[in-house]
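Everything on this sheet refers to the single structure shown next.
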């Protein structure tokens, strides 16, 4: 991977690259969301898509969350499905149902109609990133470990293809897997088109100032190891390599993917996101410590009393054992109703913990 900076300063970026850091960096999936009053104040006047598509609003909610929580990284406020619109596939969010695609992709003709040449229509996300970068680099400087990491993101080919084919969420992915099994050429063409669009989208974000790109494969846990390796791994590896060529580390994250982690490592991603179902030390050991890891507190633990919450946070940090390459996060996004003060407390608990003095030198990876 070509590095954006020859010597990254931000502790978050250094951790992504398994470089030594002064303390474990921490941020949260969905840290700007419905649990936060400031975000809900914006939502009272704007829809989710309006916030995503107006750079000043997306930047505002991104900045507000990062500053209120005191985290080490800010992920730009956006949505996984935004690339669908320039591809010619309309969608909307329906109350209680989530995203709905009214004309799902089911045939070769459907795939052929998808556009791959209009990624510039997503430039509002890059504009929001520019605003976030300007805000934090002007206020905090860009030459200390405390420099905030800026995270851009996109969906993974499998997860976005599943949304396109199912027409929204799914419990069993019947339509997706049927197309994958029975129309392999169509499946491959769809994923190739997604890689083209997602690569361009990620490039825009990097050029705007994103330090890291996170690729969300939210639904990959629905796959067997065999299906993941045959139908998903090659194209995901292609996307990861392309985005890494832009000079930034890649975080690759899925849910319920314990059995897939060794195969996910083969994508070449710099960091693998872990959900809470697998002990962090077991998962990292099974990966031979060959990449960084991110996670992995159960988001519902944020509803616990402070002492139990501290215990769970410190347990995860103890499992990480001070090895370079751990980024503290949740195993999934913050849910509505989560007490903001408990999220802030996690940041405090991470910072008060210093496991490095207990770690033998052999455990450190450079």
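General remarks:
- The single condition among (1) more than 19 Å from residue 212 (Cβ to Cβ); (2) in a loop (DSSP other than H, G, I, E, B); (3) modelled with pLDDT of 95 or more that residue 79 does not meet is (1).
- Enumeration of residues in the stretch 280-290 that are surrounded by fewer than 23 Cβ atoms within 10 Å (Cβ to Cβ) and either free of Cβ contacts under 8 Å to residues at least 24 places away in the same chain or assigned to a helix (DSSP H, G or I) (or both): 281, 282, 283, 285, 286, 288
- Of everything in the stretch 1-19 that is at pLDDT 90 or above and touching a strand residue (DSSP E or B) at 6+ places or on another chain (Cβ under 9 Å), the residue that is surrounded by the fewest Cβ atoms within 10 Å (Cβ to Cβ) is 17.
- Criterion: over 27 Å from residue 194 (Cα atoms) and surrounded by fewer than 20 Cβ atoms within 10 Å (Cβ to Cβ) - qualifying residue of 56, 60: 56
- Note on the stretch 235-252: residues that are surrounded by 15 or more Cβ atoms within 10 Å (Cβ to Cβ) and touching a helix residue (DSSP H, G or I) at 6+ places or on another chain (Cβ under 9 Å) total 12.
- Counting only helices (runs of 4 or more DSSP H) that sit completely within the stretch 20-76, those holding 2 or more residues that are closer than 30 Å to residue 292 by Cα and either in contact (Cβ under 8 Å) with a residue 40 or more places away in the chain or out of contact with any strand residue (DSSP E or B) (no Cβ under 7 Å at 6 or more places or on another chain) (or both) correspond to 55-69.
- Test: residue in the stretch 217-234 that is touching a residue at least 24 places away in the same chain (Cβ under 8 Å), under 21 Å from residue 86 (Cα atoms) and over 17 Å from the mean Cα position of the chain (by Cα): no
- One residue from 344, 319, 294 being crowded, with 22+ Cβ neighbours inside 10 Å and modelled with pLDDT of 95 or more: 294
- Filtering 269, 200 for residues that are under 18 Å from the mean Cα position of the chain (by Cα), crowded, with 21+ Cβ neighbours inside 10 Å and touching a residue at least 40 places away in the same chain (Cβ under 8 Å) leaves a single hit, 269.
- Unique match (being out of contact with any strand residue (DSSP E or B) (no Cβ under 7 Å at 6 or more places or on another chain), within 20 Å of residue 70 (Cβ to Cβ), touching a residue at least 40 places away in the same chain (Cβ under 8 Å) and surrounded by fewer than 20 Cβ atoms within 10 Å (Cβ to Cβ)) among 337, 333: 333
The values are calculated or read from the model by the stated rules, or taken from the named source; none is laboratory data. Since we're looking at a predicted model, the values are computed, not measured. Glycine also receives a Cβ, built like all others from the backbone with ideal geometry; neighbour counts cover every protein chain displayed.
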